[in-house]
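I have placed the structure first, in the form of structure tokens, so that the comments after it can refer back to it.
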Amino acid sequence: MTRPVGTPTRGTTNPNRLRRMDRWIAAAHGQALRRSDRPVAVDLGYGAAPWTTLELMRQLRTAAPRCEVVGIEIDPGRVAAAKPYECEGLSFRHGGFELPVAGPPTLIRAANVLRQYDEGEVAAVWARLCGRLAPGGLLVEGTCDEVGRRHVWVALGPEGPRTVTFATRLGSLDRPSDLAERLPKALIHRNVPGEAVHAFLRDFDRAWAAAAPYASLGARQRWIKAVRELAADWPLRDDRRRWRQGEVTVDWAALAPRSG
């Protein structure tokens with residue numbers, strides 16, 4: 001048997017931890033999953049318990065009822081513990097970045113997996129996973145807090161990174177730059193002056209402060225106003241429908257780290 005590629009994560013997981021990411025995936029990628037002859041989604045590194053994999057299947061099947069979900073874990077004990085939860089269209093397998101699935105998946109979700117790796121290792125992992133995607137497939141890689149209040153993720157296609165999405169429970173937000181602590185590994189060390197992601201969060205905080213009068217209408221209206229102002233200077237990909245969810249998505253090229 002080939003040894004899985006990668007190292008075990010801490011395995012921390014909680015029910016509903018990835019719900020914001022799952023909702024976004026279903027909205028952004030549901031059409032591609034429906035068009036696929038055999039839509040397969042991989043939940044890579046699901047952790048010590050399979051809750052988030054089960055939730056991913058439920059969410060994806062609201063958008064693509066034929067979607068199959070495969071949970072992959074590098075720790076064989078975690079796979080054994082998840083096996084009793086298998087059902088039609090849901091399975092769990094021992095593996096890592098090599099992705100032990102038959103055929104190219106339409107979706108790969110890798111949440112809180114690369115956090116433990118060095119920044120210099122990220123590009124190679126991205127390239128390896130993107131190389132396994134089906135045409136039109138999507139890799140979503142990012143980080144969130146332990147209870148799912150704050151997320152940041154990168155969406156990548158077979159050609160590489162496309163967008164970065166910031167998502168939060170608005171009632172818990174003091175200012176947008178609070179999300180910096182959940183930047184994925186490719187960006188978290190780049191939140192310093194001179195880097196684009198730092199400038200983005202600085203401008204977001206300024207727009208949030210300017211939108212303070214809208215707080216009387218609720219955090220959602222303040223967020224929408226701030227994001228609308230942000231859109232004047234940054235290439236945002238989404239619209240009010242997603243902003244209402246406490247999300248904003250920006251082109252990867254606008255936030256990509258400077259070389260060196």
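The values are calculated or read from the model by the stated rules, or taken from the named source; none is laboratory data. In this text the structure is predicted, and so the values were computed from the model without any measurement. Glycine also receives a Cβ, built like all others from the backbone with ideal geometry; neighbour counts cover every protein chain displayed. These accessible areas exclude ligands, DNA and RNA; they are computed on the full protein's heavy atoms, side chains included. Shrake-Rupley method; radii C 1.70, N 1.55, O 1.52, S 1.80 Å.
Is it possible to state the helix-based mean residue ellipticity at 222 nm for the chain, with each DSSP H run of 4+ residues giving -39500 (n - 2.57), the sum divided by total residues, to the nearest 500 deg cm²/dmol? What is it?
Values: 9 runs with 88 residues, N = 260.
Value at 222 nm, helices only, nearest 500: -10000 deg cm²/dmol.
As a test question: what accessible area, to the nearest 10 Å², does TYR117 have when a 1.4 Å probe is rolled over all protein chains in place?
Accessible area of TYR117: about 20 Å².
Please build a GNM for the chain, connecting alpha carbons under 10 Å apart, and tell me which residue among LEU90, LEU156, LEU138 fluctuates the most.
Top of the fluctuation ranking is LEU90.
Could you identify which residue out of ALA41, ALA219, ALA124 has the top mean-square fluctuation in a GNM of the chain using Cα springs shorter than 10 Å?
The residue with the greatest mean-square fluctuation here is ALA124.
May I ask you to compute the full-extension gain from GLU181 to ALA102, defined as 0.36 nm times their residue separation minus their alpha-carbon distance, rounded to one decimal in nm? Working shown, then result.
On the way: separation 79, 0.36 × 79 = 28.44 nm, distance 3.60 nm.
Between GLU181 and ALA102, full extension yields 24.8 nm more.
In degrees, nearest 10, range 0 to 90: what is the angle between the Cα axis of helix 119-130 and the longest Cα principal axis of the chain?
Orientation of helix 119-130: about 60 degrees from the principal axis.
What number comes out for the charge environment of VAL192, summing +1 per Lys or Arg and -1 per Asp or Glu over other residues with Cβ under 12 Å away?
Values: positive: ARG190, ARG202, ARG258; negative: GLU195.
My count for the surroundings of VAL192 gives +2.
For a quick check of your reading of the filter: which GluC sites (Glu not before Pro) in region 127-199 sit in a DSSP loop and have no more than 11 other Cβ atoms within 10 Å?
Working: sites: GLU141, GLU146, GLU159, GLU181, GLU195; in loops: GLU146, GLU159, GLU195.
Loop-located and lightly packed - GLU146, GLU159.
Of all DSSP beta bridges located in the chain, what percent are antiparallel, nearest 5?
On the way: 21 of 39 bridges.
Here the share of antiparallel DSSP bridges comes out near 55 percent.
In region 181-260, which trypsin sites (Lys or Arg not before Pro) are in a loop and have at most 11 other Cβ atoms within 10 Å, using DSSP for the loop call? Each step should come with its number before you reach the end.
Values: sites: ARG182, LYS185, ARG190, ARG202, ARG206, ARG220, ARG222, LYS225, ARG228, ARG237, ARG240, ARG241, ARG242, ARG244, ARG258; in loops: ARG190, ARG237, ARG244, ARG258.
Counting only loop positions with at most 11 other Cβ atoms within 10 Å, the trypsin sites (Lys or Arg not before Pro) in region 181-260 are ARG258.
What FRET efficiency, computed as 1/(1 + (r/R0)^6) with R0 = 41 Å and r the Cβ-Cβ distance, is obtained for ALA215 and HIS189, rounded to the nearest 0.05?
On the way: r = 32 Å, r/R0 = 0.79.
The computed FRET efficiency comes out at 0.80.
Binning at 5 Å from 0, report for the chain what percent of all alpha-carbon pair distances ends up in each bin.
1, 6, 14, 18, 19, 16, 12, 8, 4, 2, 0, 0, 0
Choose one answer from CYS144, CYS130, CYS87: the residue with the largest mean-square fluctuation in a GNM of the chain with alpha-carbon springs under 10 Å.
CYS87
Tell me, what is the percent relative contact order of the chain, built from C-alpha pairs under 8 Å that lie six or more residues apart?
Details: 511 pairs, mean separation 39.4, N = 260.
After rounding, I find 15 percent.
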